[in-house]
Amino acid sequence: MNPFDLMKNIGSMKEQLEKAQAELAELTATGSSGGNMVVVTVNGKFEMVDIQLDPICVDNRDVPMLQDLIKAAHHAAVTNMQELIKTKLGPMVAGLNIPGMNFPGMGA
């Protein structure tokens, strides 16, 4: 490949990655557990930005159950965010090796 063509492609890739980062900042995904007793929302950086608890699941006598529900809801939200990222950004970042993300065209 011509080095000048490579430089053009690098600039285009940089623009695409910046656009992808901006899009990720706007994405949110939710996950729930216990029949929606616990609902967790994560952003595109996989940070928990909201948690909603049904008052019925807040029982001082069963804190371990609540902890398990929160972990399960968080895991579901992260999984949903990964799927959302694959759907929205998969074609743009196909071929990039991003740990934990198997984009279409990457051959899992």
Testing Ala77 on (1) under 30 Å from Ala22 (Cα atoms); (2) open to solvent by 80 Å² or more (accessible area, probe 1.4 Å); (3) part of a helix (DSSP H, G or I), one condition comes back false. Which one is that? (2)
Would you confirm whether or not region 5-14 contains a residue that is of a type in the set (S, T, N, Q) and in contact with a Ser or Thr (Cβ under 7 Å, 6 or more places away or on another chain)? no
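Rundown of residues vs (1) part of a strand (DSSP E or B); (2) open to solvent by less than 60 Å² (accessible area, probe 1.4 Å), yes/no style:
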{"site": "Asp5", "(1), (2)": "no, no"}
{"site": "Leu17", "(1), (2)": "no, no"}
{"site": "Ser32", "(1), (2)": "yes, yes"}
{"site": "Ala73", "(1), (2)": "no, yes"}
Does Val49 qualify as being of a type in the set (A, V, I, L, M), in a helix (DSSP H, G or I) and open to solvent by 40 Å² or more (accessible area, probe 1.4 Å)? no
Looking only at region 19-29, count every residue that is exposed (fewer than 13 other Cβ atoms within 10 Å of the Cβ) and in contact with a Gly (Cβ under 8 Å, 6 or more places away or on another chain) and tell me the total. 2
Only one of Met37, Met48, Met81 that is in contact with a Phe, Trp or Tyr (Cβ under 9 Å, 6 or more places away or on another chain) and modelled with pLDDT of 90 or more: Met81
Residues in region 6-19 that are aliphatic (A, V, I, L, M) and either closer than 14 Å to Gln82 by Cα or modelled with pLDDT of 80 or more (or both) total 0
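The values are calculated or read from the model by the stated rules, or taken from the named source; none is laboratory data. Keep in mind that what you see is a predicted model, and the values were worked out from it rather than measured. Counting neighbours? That spans all protein chains shown, and the Cβs are built from the backbone with ideal geometry, glycine included. In case anyone asks, the SASA skips ligands and DNA or RNA and just uses the protein heavy atoms, side chains included. Shrake-Rupley method; radii C 1.70, N 1.55, O 1.52, S 1.80 Å.
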